[in-house]
Amino acid sequence: MTTPRTTTTPTLPGGTWTLGDLTVTRFGYGAMQLAGPGVMGPPADREGALAVLREAVRLGITHIDTADAYGPHVTNRLIREALHPYPDTLHIVTKVGARRDADGGWPPAREPDDLRRAVHDNLETLGVDTLDLVNLRLGDATGPRPGSLAAAYEALVELQQQGLIRHLGLSNATSEQIAEAETIAPFVCVQNLYNLAHRQDDALVDRLAGQGIAYVPYFPLGGFTPLQSATLSAVADRHGVRPMAVALAWLLHRSPNILLIPGTSSVAHLRENVAGAGLTLTEEDLAALDTIGATPGVTP
């Protein structure tokens, strides 16, 4: 199937944001769930996975998040098969800094040679000469970890100077690492764990917004205890929607620099996510939802 190189972008929830010189829809799509169980191997329904990617573009989504470690190589190859040659408006964001082991783990791979190899792998599997945006994945599978990012980030800056990367970003990063990166070279986004229950990056979201830097939360519905989900469910019930719709809509309300990349392997679920993110929340809704991440005695 050949995809047109230009598309008409329908109105999506949240409008658009500019990543450097790239304009993307704030509602994007995360491709991780297109790989097999545990993000390893091929999908059970290959045609279904390709259909989701094509539907994302048809809906007007211009921001797809992926990584060559997903599968590994699976999601990038699916993206290429479904969408190459890519529409002029479509921007694919990938990440480097971790690999997959035989047990399905995510060991760090941030030595300069690891990163150079990963960038070239992404170029090959996506079928492009330049990667639009590459996030440096820090920490490990349990979350951010302290430590200097200088050697790894400088290796990516070198690849950017060679014309292999257009823009840089950070993922799973601490505030200290973000501050360190600012002294080395510009970046256009930070991709961290953040949702209604996990709001440890509240100040960071606001600071980045003031700098014109995007914040891309992953696990937008993760980490809810029964107490917290009761509040979320009450708001969802008032609107006659599912909790995920409220969680996504809240993120778009939270700050204009927040970009969404919810993932799914279902066309129907993709459409449901788009519709849900467009929910208009009232001041009463927002006040109730804000208590979730600030409930005394509750650990997200």
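The values are calculated or read from the model by the stated rules, or taken from the named source; none is laboratory data. Keep in mind it's a predicted model, so treat the numbers as computed, not measured. In this analysis, Cβ positions are derived from the backbone assuming ideal geometry, glycine residues included, and neighbour counts consider all displayed protein chains. The accessibility values were calculated without ligands, DNA or RNA, using every heavy atom of the protein model including side chains. Shrake-Rupley method; radii C 1.70, N 1.55, O 1.52, S 1.80 Å.
Report the far tail of the P(r) of the stretch 1-137, meaning the percent of Cα-Cα pairs longer than 21 Å. When all Cα pairs of the stretch 1-137 are counted, 40 percent exceed 21 Å. The alpha carbons of the stretch 121-257 occupy a box of 53, 33, 29 Å along the principal axes, longest dimension given first. Counted over the stretch 86-173, the DSSP beta bridges are approximately 15% antiparallel. A crude spin-label estimate for the pair His253 and Thr183, with each label 7 Å from Cα along the Cβ direction, gives 4.0 nm. Working from label points 7 Å from Cα in the Cα-to-Cβ sense, the Asp206 to Asp129 distance is 4.5 nm.
Computed FRET efficiency, Cβ-Cβ of Ala287 and Glu47, R0 41 Å: what is it to the nearest 0.05? Approximately 0.35, to the nearest 0.05. If you take all other residues with their beta carbon under 13 Å from the beta carbon of Gly143, and give Lys and Arg +1 and Asp and Glu -1, the sum is 0.
Between Thr11 and Glu158, the contour length at 0.36 nm per residue exceeds the Cα-Cα span by 49.2 nm. With all protein chains kept in place, the per residue accessible area of the chain amounts to 42 square angstrom at a probe of 1.4 angstrom. Taking Lys and Arg as +1 and Asp and Glu as -1, the other residues whose beta-carbon sits under 13 Å from that of Leu115 total -1. Karplus-based coupling profile of the stretch 117-123, in residue order and whole Hz: 5, 5, 4, 5, 5, 5, 4, with θ = phi - 60° in 6.51 cos²θ - 1.76 cosθ + 1.60 and x standing for Gly or Pro.
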